[in-house]
1. Could you run through the range 164-189 and say how many residues are within 17 Å of THR69 (Cβ to Cβ), open to solvent by less than 40 Å² (accessible area, probe 1.4 Å), out of contact with any strand residue (DSSP E or B) (no Cβ under 6 Å at 6 or more places or on another chain) and in a helix (DSSP H, G or I)?
2. Name the one entry in GLU17, GLU98 that is open to solvent by 40 Å² or more (accessible area, probe 1.4 Å), part of a strand (DSSP E or B) and either farther than 21 Å from GLN167 by Cα or of a type in the set (Asp, Glu) (or both).
3. On the given criteria, is VAL31 closer than 13 Å to LEU105 by Cα, modelled with pLDDT of 95 or more and open to solvent by less than 30 Å² (accessible area, probe 1.4 Å)?
4. Of the residues in the range 116-141, how many are surrounded by 14 or more Cβ atoms within 10 Å (Cβ to Cβ) and out of contact with any helix residue (DSSP H, G or I) (no Cβ under 7 Å at 6 or more places or on another chain)?
5. Considering the range 107-163 alone, what residues qualify as being in contact with a strand residue (DSSP E or B) (Cβ under 9 Å, 6 or more places away or on another chain) and under 20 Å from LYS5 (Cβ atoms)?
6. Of the conditions (1) more than 29 Å from GLN167 (Cβ to Cβ); (2) assigned to a strand (DSSP E or B), GLU85 fails just one. Which one is it?
7. If you scan the range 34-59, which residues turn out to be assigned to a loop (DSSP other than H, G, I, E, B), closer than 24 Å to MET23 by Cα and open to solvent by less than 40 Å² (accessible area, probe 1.4 Å)?
8. Can you run down the residue pairs with Cβ atoms below 6 Å, 6 or more apart or on separate chains, where the first is in the range 55-78 and without any contact (Cβ under 8 Å) to a residue 12 or more places away in the chain and more than 16 Å from ASP36 (Cβ to Cβ) and the partner is part of a strand (DSSP E or B) and open to solvent by 20 Å² or more (accessible area, probe 1.4 Å)?
Amino acid sequence: MDQFKIHLDKFITLSEEDFSSVMSFFKSIEVKKKQDLMTGGETCRSIYFVASGCLRKFFINSKGVEQTTEFAIENWWITDTFAFERQIKSDFTVQAVEKSLVLVLDYHSQQLLFEKHPQLERYFRMVYQRAYAASERRIRYLYEFSREELYQHFSTQYPWFIQRIPQYLIASFLGFTPEYLSEIRAKLKL
């Protein structure tokens, strides 16, 4: 897991020995495309680090439609943070968008990790701060931008998502129907 070590080194400094110890708290799993790691209604027991691949978080809205709220690609974390921190049932499902290699850290292991390696608390604080800031920006864009501007902003800021992620999932993330996204894309090509 050299990639995870490189990622951690951007935030904290760990010796090789400490890194080996840190890794002992994680479980590494391979996930197939469309495989669920956590299903809505289950207690959220883990957080997931994407070593390779792509995951998404979604819920089923009142109309029975999947509403994607988050994606995670390489070096990103994903979970239902509220449910994880409280160890309660989640309303969200975490699912693989593509075949993925994921590091899994359950709540109990995270607490032990923090006891043994306190610098990991600093790391997670920094990761959560960045994630929170990104959520704040996304909320602002949802209020401020027209639907076309929202798609243009998303495709400009995250072009790799446009290439990797099926359009119906991008539509779900942006709050569009797939048909409406097709209309926007056609209009922008003119």
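1. Residues that pass the stated criteria total 4.
2. The conditions single out GLU98.
3. Answer is no for this residue.
4. Going through the range 116-141 one residue at a time, the tally reaches 5.
5. SER109, GLN110, LEU113, PHE124, VAL127
6. The number of the failed condition is (2).
7. CYS44
8. Within 6 Å, the pairs are ASN61/GLN67.
The values are calculated or read from the model by the stated rules, or taken from the named source; none is laboratory data. What you are looking at is a predicted structure, and each value in this text was computed from that prediction instead of being measured. Neighbour counts run over all protein chains shown; Cβ positions are idealised from the backbone, glycine included. With ligands, DNA and RNA removed, areas are computed over all heavy atoms of the protein, side chains included. Shrake-Rupley method; radii C 1.70, N 1.55, O 1.52, S 1.80 Å.
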